[in-house]
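Working notes, structure below.
The values are calculated or read from the model by the stated rules, or taken from the named source; none is laboratory data. Please read all numbers here as calculations on a predicted model, not as lab measurements. Neighbour counts run over all protein chains shown; Cβ positions are idealised from the backbone, glycine included.
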Amino acid sequence: MTTSEVAGDSVERAPVSSALAPALGRLVEAAVQAAAAKLSHKVDRWIRRIEEYTASEGAAGRAALEGLKAHLLGKNPVWAAMKGAWAGASVPLRVVAVLVLLLTLLLAPVVVVLLLLGLLVAAIVAAIRAATR
């Protein structure tokens with residue numbers, strides 16, 4: 001048997017690549033799905049840990065978490081941090097904050113009147129000094 005005889009024979013072989021390509025495609029798809037599922041579970045566990053940590057931290061931890069989430073979502077982090085701090089604050093702290101706000105609103109006109117009286121006194125003193133020179 002010579003080379004020319006082997007080359008002349010028509011031997012039909014099934015193409016290996018036609019049967020192998022779909023199998024490799026399915027293998028790659030299964031590997032990607034398994035990796036995505038594993039990564040998803042890992043990220044869920046990380047998020048759960050972060051939420052547990054911030055829940056135990058109180059207002060400051062909650063404000064930081066909400067501000068970070070808002071920043072990552074492209075929203076206003078300051079407003080989100082303020083809402084997070086309010087949500088994370090205890091009830092007595094909320095009561096104190098409301099009372100301080102009300103007291104500030106009630107005493108603001110008094111402060112303005114005292115400021116105007118001080119300016120009036122300063123103007124009168126300046127006028128008297130200017131007249132005596």
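If I filter the range 51-74 for residues that are among the aromatic types (Phe, Trp, Tyr) and at pLDDT below 85, do I get at least one hit? So far as the range 51-74 goes, yes, one or more of its residues are among the aromatic types (Phe, Trp, Tyr) and at pLDDT below 85.
If you filter the range 75-123 down to residues that are at pLDDT 90 or above and part of a loop (DSSP other than H, G, I, E, B), you find that the one that is surrounded by the fewest Cβ atoms within 10 Å (Cβ to Cβ) is ASN76. In this structure, GLY25 qualifies as surrounded by 10 or more Cβ atoms within 10 Å (Cβ to Cβ) and either modelled with pLDDT of 85 or more or in contact with a helix residue (DSSP H, G or I) (Cβ under 6 Å, 6 or more places away or on another chain) (or both).
Residues in the range 73-92 that are under 12 Å from ARG62 (Cβ atoms) and of a type in the set (A, V, I, L, M, F, W, C): ALA80, ALA81, MET82, ALA85, TRP86, ALA87, ALA89.
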